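The values are calculated or read from the model by the stated rules, or taken from the named source; none is laboratory data. Nothing here was measured: the structure is a model prediction, and the numbers come from that model. Here the Cβ positions follow ideal geometry from the backbone for every residue, glycine too, while neighbour counts run over all protein chains shown. Just the protein is used for accessible areas: all its heavy atoms, side chains included, with ligands, DNA and RNA removed. Shrake-Rupley method; radii C 1.70, N 1.55, O 1.52, S 1.80 Å.
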Amino acid sequence: MNTNNIQEKFNLMFGKAPSLYRSPGRINIIGEHTDYNEGFVLPAAIDKAVYVAISKRDDQQVHLHATKYDETFQFDLSDIKPTEKQWPNYILGVVAEIQKKNLKIGGFNLMFEGDIPGGAGLSSSAAIECSVAFALNEQFSLGIDKMTLVHIAQKAEHNFAGVMCGIMDQFASVFGKKDHAIMLDCKTLEYKYVPINLPGYTFVLFNTNVKHNLASSAYNDRRASCFKGVEWVKEHHPEVNSLRDVTIAMLDEHVKAKDQDVYVKCKFIVEEIERLQLACIDLEVNDLVSLGKRMLETHEGLSKAYEVSCEELDYLVDQVKDNSNVLGARMMGGGFGGCTINLVKEEAVEELTATLTKSYTEKFDLELTSYIVKIENGSETVKLPELQSS
Ligand code: GLA
């Protein structure tokens, strides 16, 4: 993205040169809905990001501008509460969490823009939260460590956007590393960078360009089902704290008879936690065929058992699952729309994209967008180019 634009716009609007920071969106190779169950995830930060331009003010006011909507929003640091409008909440939420830690910030002007498509399951909201948390930490020298920044951003999503998300998106946005995925243990928060080495293959995202309304309420419902299952198992196994500690045998014994739906949801998660560990071995030994199979299994589970897919996502996976140039495909992220992630032979990408775009549009009367993802670094300061005077 050309960062000259935001710099110029900021100068025009606020009459001052800004500092600039970026936080990326993410993909997740496998391990879906496992983060809030204390399992593992395998995300990577991508080459699409949110850019935040910021400068300090002398008062306690905060002036925000979202270039995407050409909208402005102002508030006073002594009066932080959620608003009707969606986008300021991500910033308000971060400020509120910083204040809760008794860290001192002053007023600021902030403008943001980015190239992460919204509603695509690429975590554009986490990228806003992380870029703002990162920017405020730098501007006001708050000394917050990276893991705490992740928690601040996650809490902002919980308390100001109302989605009880796990830690994956914010973690990937802050901790991303070029050409690496991150195997994160969401229980201990230990993590390991895994090189992404896909000789002859690449990850391609196909964006359904739909986001069904259900997304955030269903997300919180699924989470509640998982917690219910854990509660029932815990009555007999007090040492159990999350689905990470649960086996299928425990579910068979203590959940199945009580509630079939809760059972099916929990079983998928226990299997997915196991699947991720095997997928990491696949990546390490470069067994892309096996990795691809596991991606397809994940999709099957997310669609039929966990029920967070939708017609459009299922269609895209169906269309490629028997194609010998595609080793794996699945819906990615929270679900109910957004992208599928596909492991595709490099030389076949162009033709596959063309065929799929045509058939998807014919079937749903919707555009299909595709992205070949590059894996990039997490949150960072952007060195500003000198503005050319005209
Ligand atoms: C959303 C949430 C994440 C994670 C995924 C599903 O992206 O924000 O925390 O739960 O869904 O894996």
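For the reader, a short list of remarks on this structure follows.
- The residue pairs whose first member lies in the stretch 155-184 and is at positive phi, whose second member is open to solvent by 10 Å² or more (accessible area, probe 1.4 Å) and within 10 Å of the ligand (Cβ to nearest atom), and whose beta carbons are closer than 9 Å, counting only pairs six or more residues apart or on different chains, are GLY162/SER216.
- Single match in PHE112, PHE73 (criterion: buried (at least 19 other Cβ atoms within 10 Å of the Cβ), in the same structural domain as ALA45 (by TED's automatic domain parsing) and in contact with a Ser or Thr (Cβ under 9 Å, 6 or more places away or on another chain)): PHE112
- Qualifying residue in the stretch 191-199 (condition: in contact (Cβ under 8 Å) with a residue 40 or more places away in the chain, over 16 Å from SER123 (Cβ atoms) and within 16 Å of the ligand (Cβ to nearest atom)): no
- When the stretch 1-55 is filtered for residues that are charged (D, E, K, R) and in a loop (DSSP other than H, G, I, E, B), the ones remaining, listed by number, are LYS16, GLU32, GLU38.
- Residue count for the stretch 160-188, restricted to those that are within 15 Å of the ligand (Cβ to nearest atom) and either open to solvent by 40 Å² or more (accessible area, probe 1.4 Å) or farther than 17 Å from GLY378 by Cα (or both): 10.
- Every pair of residues 6+ apart whose Cβ atoms lie under 6 Å, when the first sits in the stretch 25-54 and is free of Cβ contacts under 8 Å to residues at least 40 places away in the same chain while the second is near the ligand (Cβ under 10 Å from one of its atoms): none
- Against the numbered list (1) more than 14 Å from the ligand (Cβ to nearest atom); (2) outside any strand (DSSP E or B); (3) closer than 27 Å to ALA215 by Cα, GLU113 comes up short only at (2).
- Annotation: ALA17 fulfils all but one of (1) of a type outside the set (Ser, Thr, Tyr); (2) within 30 Å of ARG275 (Cβ to Cβ); (3) surrounded by fewer than 17 Cβ atoms within 10 Å (Cβ to Cβ); the unmet one is (2).
- Among the residues of the stretch 356-365, not a single one is in a strand (DSSP E or B) and either modelled with pLDDT of 95 or more or open to solvent by 60 Å² or more (accessible area, probe 1.4 Å) (or both).
- Residue list for the stretch 27-66, restricted to those being within 16 Å of the ligand (Cβ to nearest atom), open to solvent by 10 Å² or more (accessible area, probe 1.4 Å) and either of a type in the set (D, E, K, R) or not assigned by TED's automatic domain parsing to the domain that holds SER141 (or both): ASP35, GLU38, LYS48
- Residue within the stretch 134-144 that is surrounded by 23 or more Cβ atoms within 10 Å (Cβ to Cβ), at pLDDT 95 or above and within 16 Å of the ligand (Cβ to nearest atom) present: no
- With respect to the conditions (1) surrounded by 15 or more Cβ atoms within 10 Å (Cβ to Cβ); (2) over 14 Å from PHE108 (Cα atoms), ASN5 lacks only one, and its number is (1).
- Flag for THR202 being away from the ligand (no atom under 14 Å from the Cβ) and either part of a strand (DSSP E or B) or assigned by TED's automatic domain parsing to the domain that holds TYR315 (or both): yes
- Every pair of residues 6+ apart whose Cβ atoms lie under 6 Å, when the first sits in the stretch 71-92 and is at pLDDT 95 or above while the second is open to solvent by 20 Å² or more (accessible area, probe 1.4 Å) and of a type in the set (Phe, Trp, Tyr): PRO82/PHE160; PRO88/PHE73; ASN89/PHE160; LEU92/PHE160
- Per-region count, the stretch 252-279, residues in contact (Cβ under 8 Å) with a residue 12 or more places away in the chain and either open to solvent by 60 Å² or more (accessible area, probe 1.4 Å) or closer than 19 Å to GLY31 by Cβ (or both): 18
- For SER242: the one exception among (1) in contact (Cβ under 8 Å) with a residue 40 or more places away in the chain; (2) among the small types (Gly, Ala, Ser); (3) under 30 Å from ASP365 (Cα atoms): (3)
- Output for the stretch 10-28, where each listed residue is in contact with an Asp or Glu (Cβ under 8 Å, 6 or more places away or on another chain) and not hydroxyl-bearing (Ser, Thr, Tyr): ARG22, PRO24, ARG26
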